[in-house]
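For reference, the structure is listed below as structure tokens.
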Amino acid sequence: MDLNTIETVLRPRGRADLPDWRVGDACLAGGTWLFSEPQPGTRRLVDLTSLGWPPHTIAAEGLTLAATCTIAQLDRLELPSDWIAAPLVGPCCRALLGSFKIWNVATVGGNLCMGLPAGPMTALAAALDATCTIWAPDGSERHLPVMNFVLGPQRNALRPAEILRSLFMPTAALARRTVFRRISLSPNGRSGALLIGTLDPAGTFALTVTAATRRPVRLAFITLPDRDALARELNHAIPAELYYDDVHGRPDWRRHMTLHLAQEIRDALADEASA
Ligand SMILES: Cc1cc2nc3c(=O)[nH]c(=O)nc-3n(C[C@H](O)[C@H](O)[C@H](O)COP(=O)(O)OP(=O)(O)OC[C@H]3O[C@@H](n4cnc5c(N)ncnc54)[C@H](O)[C@@H]3O)c2cc1C
């Protein structure tokens, strides 16, 4: 939709061009959410895509994704064959159910900044131990684990005038075995529960729960737990009020599916480990 309160769109070419922040400013990434509803308080847009950040960088230490990397660019990315977590990327991209138009502009950073429970980039980043790099207006930067960045629906840890610059996923996380499970109320519906299990070579198991809960939840176990222990820990880690309630699923259904999908993930990793 047209945003008729916008007076200026700024297109900085580098960090030095970023404007002094004013009340009424907003970062513009893909604009898929920004232009989807009225933004009565917004006067200026700062278009981050004009900064020209390389969308992704593969290095021995891990994978860096610019906040402006689009879902389509991430989906097309070929990762090294020894990063056995790579098959997780495609299903996470496809969990954002938009047309090719949305896919070609919606960004990884925009998805994280929105903090929506069904944010599949949040799920991917949380499961792969991502760290966020944040640009502060004084020219410094700070780093935050993604679990501390996404705080709840439309809530993140950015302070006024801060910009999410990138995400870094370490090689150790990319070398884990992974199992992905997702469910929605209808075949093309938004995720009602999206869970990712990872198992590292030392046998450490981690379970990331998103979409079902208001914010991501991550459980870590020194070894693969048995089914009772997993259910116990999930019930302990996710109180009833943390389950999300919207048109995409009731909290009791989301809780039921979380427990069910978590057991499926556990069983799949146990089967692989014993094969
Ligand atoms: C058809 C359709 C389907 C969708 N499906 C899903 C879905 O399944 N799951 C889901 O989570 N969302 C979904 N969305 C919502 C939204 O489009 C996505 O979350 C998308 O990833 C947002 O990215 P964007 O780049 O378009 O962000 P924008 O719309 O440009 O920005 C979103 C917000 O984040 C801020 N922002 C963006 N980037 C930065 C940055 N680097 N630093 C600081 N602030 C920043 C903006 O100021 C704005 O407040 C959907 C939207 C549509 C239209």
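Throughout, read-outs are computed from the coordinates displayed, never taken from laboratory work. Note that the structure is predicted; figures quoted are calculated from it, not measured. Cβ atoms come from the backbone with ideal geometry, glycine included; neighbour counts cover every protein chain shown.
Let's see if you can work this out: charge +1 on each Lys and Arg Cβ, -1 on each Asp and Glu Cβ, no other charges. What is the dipole magnitude of the chain about its Cα centre, in debye to the nearest 20?
For the chain, the charge dipole is close to 360 debye.
About its Cα centre, what dipole magnitude does the range 1-95 give when the only charges are +1 on Lys and Arg Cβ and -1 on Asp and Glu Cβ, stated in debye to the nearest 20? All intermediate terms of the calculation are to be shown ahead of the outcome.
Values: 8 positive and 11 negative charges, 33 e Å.
Roughly 160 debye for the range 1-95.
Using a 10 Å cut-off around each Cβ, can you sort 10, 51, 195 from fewest to most neighbouring Cβ atoms?
The fewest-first ordering by Cβ neighbours comes to 10, 51, 195.
Two decimals is fine: what's Rg over Rh for the chain, C-alpha atoms, Kirkwood radius as Rh? Write out the running numbers ahead of the final one.
Details: Rg = 18.9 Å, Rh = 19.3 Å.
Rounded to two decimals, Rg over Rh is 0.98.
Amide H neighbours of residue 165 under 5 Å, at least 5 residues apart or on other chains, H built in the peptide plane: list them.
133, 134, 135
What is the fewest-to-most order of 20, 252, 47 by other Cβ atoms lying within 10 Å of their Cβ?
Neighbour counts put them in this order, fewest first: 20, 252, 47.
Once phi is turned into ³J(HN,Hα) by the Karplus curve 6.51 cos²θ - 1.76 cosθ + 1.60 with θ = phi - 60°, what whole-Hz value does each residue of the range 140-151 show in order, with x for glycine and proline?
Going residue by residue, I get 8, 9, 9, 10, 9, x, 4, 5, 9, 8, 8, 9 Hz, with x marking Gly and Pro.
Whole angstrom only: what separates the Cα centroid of the range 16-88 from the Cα centroid of the range 154-201?
A separation of 15 Å, based on Cα centres.
Residue-wise, which Karplus ³J(HN,Hα) couplings in Hz belong to the range 22-31, taking 6.51 cos²θ - 1.76 cosθ + 1.60, θ = phi - 60°, and x for glycine or proline?
Result, ordered by residue: 10, 4, x, 7, 8, 6, 10, 10, x, x Hz.
Place a point 7 Å from Cα of residue 247 in the direction of its Cβ. Which residues in the range 166-207 have their backbone N less than 18 Å from it?
Output list for this probe position: 184-193.
How large is the dipole of the range 176-274 about the Cα centre if only Lys and Arg carry +1 and Asp and Glu carry -1, each at its Cβ, rounded to the nearest 20 debye?
Numbers: 14 positive and 12 negative charges, 66 e Å.
It comes to approximately 320 debye.
Compute the relative contact order of the chain as a whole-number percentage, counting only Cα pairs closer than 8 Å that sit 6 or more residues apart in sequence. Please report the intermediate quantities before stating the final value.
Values: 553 pairs, mean separation 41.3, N = 275.
Relative contact order comes out at 15 percent.
Under 13 Å from a point placed 7 Å out from the Cα of residue 9 along the Cα-to-Cβ direction: which residues of the range 39-82 have their backbone N that close?
Inside the label zone: 44-50.
For 103, 21, what's the fewest-to-most ordering of other Cβ within 10 Å of each Cβ? Working shown, then result.
Working: 103 20, 21 14.
Ordered by Cβ neighbours within 10 Å, fewest first: 21, 103.
Evaluate the Kirkwood expression for the hydrodynamic radius of the range 51-172, namely the inverse of the mean inverse distance over all pairs of different C-alpha atoms, and round to one decimal in Å.
It works out to 14.5 Å.
Can you tell me how much longer the chain between residue 188 and residue 200 gets when fully stretched, taken as 0.36 nm per residue apart minus their C-alpha distance, in nm with one decimal?
Difference between extended and current length: 1.1 nm.
Could you give the distance between the Cα centres of the range 228-275 and the range 110-136, to the whole Å?
When both Cα centres are located, 21 Å separates them.
Using the charge dipole of the range 51-172 (Lys, Arg: +1 at Cβ; Asp, Glu: -1 at Cβ; taken about the Cα centre), state which of 72, 125, 169 has its Cα farthest towards the positive end.
In the range 51-172, that residue is 72.
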